[in-house]
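A short worksheet on the structure shown next.
The values are calculated or read from the model by the stated rules, or taken from the named source; none is laboratory data. Predicted model only: the values in this text are computed from it and were never measured. Counting neighbours? That spans all protein chains shown, and the Cβs are built from the backbone with ideal geometry, glycine included.
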Amino acid sequence: MSDPAQRNDVPATTVGGADSAATIEQLLLSGLDHYLGGRFDRAVDVWTRVLFLDRNHAGARAYIARARAAMAERLRESEALLHAGVDACDRGEAIEARSLLTKAIQRGGANDEVLAALDRVERLGAVATAPPADTGRSRGRARHLRRDVERV
């Protein structure tokens, strides 16, 4: 574990034996900054430090519960975007699928499943943008083959 004086959340002057209520207040505010910035896991880490100082701190426990709920909601949204992106890929809609999967990654769902689906979309997009084969020649050959078959 790192030295508490090296943490960015609490100045070194408050670590040596300063008032624990002031330290708790600073930690609570620092956690709120992380929470409002969308860094829920960092906020939970900071608020957990409050519980090391005061095991029964109701405010820290409530903040931790709220941050964990926000993390769970973010994960749920990411999974919903993943499934919608896979469905769009299955329908052959590469642009929509890419957009949905990119949003899933932005929501924190950069797991193997999202990346594999995004790779599949990229391959689908490459196939969709590939130049078409010369269909005029193949149609002509098909007519000739039909004529040959009819003659036999």
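Considering each of A60, A69 in turn, give the residue that is under 18 Å from the mean Cα position of the chain (by Cα) and under 20 Å from L32 (Cα atoms). Let's see the steps before the verdict.
On the way: A60 fails: under 18 Å from the mean Cα position of the chain (by Cα).
Just a single option satisfies the conditions, and that option is A69.
So which of L100, L145, L115 ends up being over 34 Å from the mean Cα position of the chain (by Cα), hydrophobic (A, V, I, L, M, F, W, C) and either surrounded by 10 or more Cβ atoms within 10 Å (Cβ to Cβ) or modelled with pLDDT of 80 or more (or both)? Walk me through it before giving the result.
Values: L100 fails: over 34 Å from the mean Cα position of the chain (by Cα); L115 fails: over 34 Å from the mean Cα position of the chain (by Cα).
Answer to the check: L145.
Residues A43, A94, A5, A80: which one is modelled with pLDDT under 85 and within 21 Å of the chain's Cα centre (by Cα)?
None of the others qualify; the one that does is A94.
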